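Accompanying notes for the structure given below.
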Amino acid sequence: MCGRFTITLDPGEIQELLNLGPFVHIHQPRYNVAPSQPIPIVKDNVTKSIELYKWGLVPFWAKDPNIGYKMINARSETAHKKPSFRAAFKHRRCLILADGFFEWHADIKGGPKTPYLFKLQNNLPFTFAGLYEHWPIPSGGELHTCTILTCQPNELVSGYHNRMPVMLGDDSRWSWLNPTAKEGDLLALLGPYPADEMTCYPVSRAINSPKNDQPEVIKPVEQ
């Protein structure tokens, strides 16, 4: 699964590097993004505008919005068939902005787990494949939520975890938002990112607490 990630670059840099539109809401660099927090997403490939949605998808038919705590990820292999995600897969796909993600791994069997930060070797931002939903609030208005799709890991991530988030590069991200794309073409986009373009390193266990959201928590630490 993907339970934490980073989006540390300045908004202007993100817009330029990913060829995006304006931010609808104010965005600040984040070093320890956690579920239930607002995260930046792009919903269409025309305006490419960036909005903030709550991380943890709540299906439009859900009776209790707390289901979102269990829906931070969706398996890319089955999301198009699962009742919780299939409507969003067909009609409400999005890109989630990031420049790194964390996985935890016990370096010694039975020992404490160490968090590792995974990112691109060139330190550029990228986008996760995501889905979004609008849940009607009984008292009025809507709750806007989203989830990150996951897939089988590449050769790098597999040494640390059995899943990884679907990362879409320049050649695939806008195809994911194509409203007329066929299901088979969409599924073909959802494989693991090339391992030889990525790197990882251990970081402080301070990342375990969502309260720790400072640049220091993503600095490499010695094993």
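Per DSSP H run of at least 4 residues, take -39500 (n - 2.57); add these up for the chain, divide by its residues and hand me the 222 nm value, nearest 500 deg cm²/dmol.
On the way: 4 runs with 24 residues, N = 223.
The helix-only estimate for the chain comes to -2500 deg cm²/dmol at 222 nm.
May I ask which residue of Q15, Y31, A87 lies farthest towards the positive end of the charge dipole of the stretch 5-218, with charges of +1 (Lys, Arg) and -1 (Asp, Glu) on Cβ and the Cα centre as origin?
My answer, from the dipole projection, is A87.
For the chain, compute Rh as the Kirkwood radius over C-alpha pairs and then the Stokes-Einstein diffusion coefficient at 20 °C and 1.002 mPa s; write the answer in µm²/s, rounded to an integer. Could you put the intermediate results ahead of the total?
Working: Rh = 17.7 Å.
In µm²/s, the coefficient is 121.
Sort T199, T8, T180 so that the residue with the fewest other Cβ atoms within 10 Å of its own Cβ comes first and the one with the most comes last. Write down the numbers at each step before the final one.
Details: T199 14, T8 19, T180 5.
The order, fewest Cβ neighbours first, is T180, T199, T8.
Report, please, the projected area of the stretch 21-134 averaged over directions, based on the convex hull of its C-alpha atoms, in nm².
Values: hull surface 37.3 nm².
Answer in nm², one decimal: 9.3.
If you filter the stretch 42-85 for chymotrypsin sites (Phe, Trp or Tyr not before Pro), then keep DSSP loop positions with at most 16 other Cβ within 10 Å, what is left?
Values: sites: Y53, W55, F60, W61, Y69, F85; in loops: F60, W61, F85.
Loop-located and lightly packed - F60, W61.
Of the trypsin sites (Lys or Arg not before Pro) in the stretch 69-172, which ones lie in a loop per DSSP and count no more than 15 other C-beta atoms within 10 Å?
K81, K109
Rounded to two decimal places and with Rh computed the Kirkwood way over Cα pairs, what is Rg over Rh for the stretch 100-223? Mind dumping the intermediate values first?
Values: Rg = 17.2 Å, Rh = 16.7 Å.
Here the Rg-to-Rh quotient is 1.03.
What FRET efficiency, computed as 1/(1 + (r/R0)^6) with R0 = 22 Å and r the Cβ-Cβ distance, is obtained for K211 and M1, rounded to the nearest 0.05? Walk me through the numbers before you get to the answer.
Values: r = 21 Å, r/R0 = 0.95.
About 0.55, to the nearest 0.05.
Rounded to whole Hz and in sequence order, give me ³J(HN,Hα) for the stretch 81-94 from the Karplus expression 6.51 cos²θ - 1.76 cosθ + 1.60, θ = phi - 60°, writing x for Gly and Pro.
Residue by residue, the stretch 81-94 yields 10, 6, x, 6, 10, 5, 5, 5, 4, 7, 10, 9, 8, 8 Hz.
Counting other beta carbons within 10 Å of each residue's own, what order do I39, I207, I67 fall into, fewest first? Let's see the in-between values first.
Details: I39 26, I207 22, I67 16.
Going from sparsest to densest Cβ surroundings: I67, I207, I39.
Every read-out reported here was derived from the displayed coordinates using simple, explicitly stated rules and does not represent laboratory data. This one's a predicted model, so the numbers in the text were calculated from it and none came from an experiment. Quick reminder, even Gly has a Cβ in these numbers, built from the backbone with ideal geometry, and neighbours come from all protein chains shown.
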